[in-house]
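The values are calculated or read from the model by the stated rules, or taken from the named source; none is laboratory data. Model, not experiment: these values are computed from the prediction. Using ideal geometry, Cβ is built from the backbone for each residue, glycine included, and neighbour counts are taken over all protein chains shown.
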Amino acid sequence: MTDFQGVDVSQRTCATCGEMFPVRDKRMVYCSKSCAAKACYRRKMAADPLPLSTEFTCARCGEFVPAKKKTGPPAKYCSSRCREAANYVAAKARGTRYKPPPKPQLAVVCAQCLTGFESSRSDARFCSRRCLSAWGRSHEKGECSIAECDRPIRAKGMCSKHYKATMRADGRLKNPPWDDKAKARWRARKERMRGDSDAETFSFHDVFDRDGWVCGICSGPVDPDLKWPDPLSVSLDHIVPVSRGGKHRRDNAQCSHLRCNVSKGAAA
């Protein structure tokens with residue numbers, strides 16, 4: 001395409017970036033919209049230039065920080081933490097409750113159960129700690145170095161059970177308190193392992209208080225201050241022994257002396 005003077009105007013030089021571009025209209029001066037916007041901005045800056053500052057004072061913490069941008073309105077806070085703190089103080093002064101802006105939620109598929117969930121973390125892989133533990137167990141390699149143990153390795157070449165036992169022996173892990181609740185859970189679990197699905201979880205002291213701290217075998221008083229292995233210390237006795245089909249339930253339990261419980265044994 002040529003003009004009236006015979007000059008080829010099929011290509012033209014952009015007034016902003018200086019590159020050649022094909023001309024589709026005689027009025028085209030810029031190769032793209034971005035170059036046109038840059039030229040418009042330059043004209044506005046030439047007519048009314050904005051003050052450029054190299055640093056500013058944070059309105060929250062009062063520190064001098066370098067300006068992050070040279071154009072546009074000046075910043076007031078040095079970080080998002082200062083901005084949220086200032087918004088919280090302003091909302092409290094107005095008597096309203098400040099709600100921080102919600103974090104963007106990302107759609108993630110759990111690597112273990114393959115269910116979809118939303119998370120604000122970009123590196124989230126599991127929907128719960130249970131899935132994380134299950135994935136770790138299924139991807140563990142090797143077996144415990146302790147003889148006759150085929151559990152997967154947790155650390156130091158040992159499984160979780162033996163590793164915790166080593167930590168307790170070294171004093172790095174404290175044993176859980178052996179209180180009434182722990183005793184009740186242990187007893188109920190022991191009975192369920194034997195096949196008693198009707199076993200109850202109850203505190204031994206509830207049975208002792210119900211019986212008034214009186215031995216159900218010899219009808220003598222039981223001193224609650226005596227501790228095991230004193231023969232007259234308190235002990236939980238099953239009226240019908242578990243070995244003879246008795247249940248670990250409140251109605252089959254009674255308060256007794258340790259000596260009387262051992263003497264009774266498995267006798268009904």
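Does residue 41 satisfy the condition of being modelled with pLDDT under 75 and either over 30 Å from residue 123 (Cβ atoms) or of a type in the set (Ser, Thr, Tyr) (or both)? Full working, then the answer.
Values: modelled with pLDDT under 75: yes; either over 30 Å from residue 123 (Cβ atoms) or of a type in the set (Ser, Thr, Tyr) (or both): yes.
Here the answer is yes, as residue 41 does meet what is asked.
Quick one: in region 97-122, which of the residues that are surrounded by 11 or more Cβ atoms within 10 Å (Cβ to Cβ) and of a type in the set (Gly, Ala, Ser) is farthest from the chain's Cα centre (by Cα)?
Only one residue fits best here, namely 111.
Of the numbered conditions (1) of a type in the set (A, V, I, L, M); (2) outside any helix (DSSP H, G or I); (3) more than 30 Å from residue 44 (Cβ to Cβ), residue 75 satisfies every one except a single condition; which is it?
Going through (1) of a type in the set (A, V, I, L, M); (2) outside any helix (DSSP H, G or I); (3) more than 30 Å from residue 44 (Cβ to Cβ) one by one, residue 75 breaks only (3).
I'd like the residue in region 2-18 that is exposed (fewer than 11 other Cβ atoms within 10 Å of the Cβ) and in a loop (DSSP other than H, G, I, E, B) and, out of all such residues, is modelled with the highest pLDDT.
Among them, the one singled out is 18.
Give region 166-216 a look and list any residue that's surrounded by 11 or more Cβ atoms within 10 Å (Cβ to Cβ), acidic (Asp, Glu) and in contact (Cβ under 8 Å) with a residue 24 or more places away in the chain, or say none.
Within region 166-216, 180, 191, 196, 200, 206, 211 meet the criteria.
Quick one: is residue 90 outside any loop (DSSP other than H, G, I, E, B), in the same structural domain as residue 59 (by TED's automatic domain parsing) and in contact with a Lys or Arg (Cβ under 8 Å, 6 or more places away or on another chain)? I'd like the intermediate steps shown before the answer.
Working: outside any loop (DSSP other than H, G, I, E, B): yes; in the same structural domain as residue 59 (by TED's automatic domain parsing): yes; in contact with a Lys or Arg (Cβ under 8 Å, 6 or more places away or on another chain): no.
Judged against the criteria, residue 90 is not a match.
So that you can scan it fast, the table gives a plain yes or no per residue for (1) assigned to a strand (DSSP E or B); (2) out of contact with any Gly (no Cβ under 8 Å at 6 or more places or on another chain); (3) at positive phi; (4) charged (D, E, K, R):
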| residue | (1), (2), (3), (4) |
| --- | --- |
| 176 | no, yes, no, no |
| 189 | no, yes, no, yes |
| 226 | no, yes, no, no |
| 236 | yes, yes, no, no |
| 261 | no, yes, no, no |
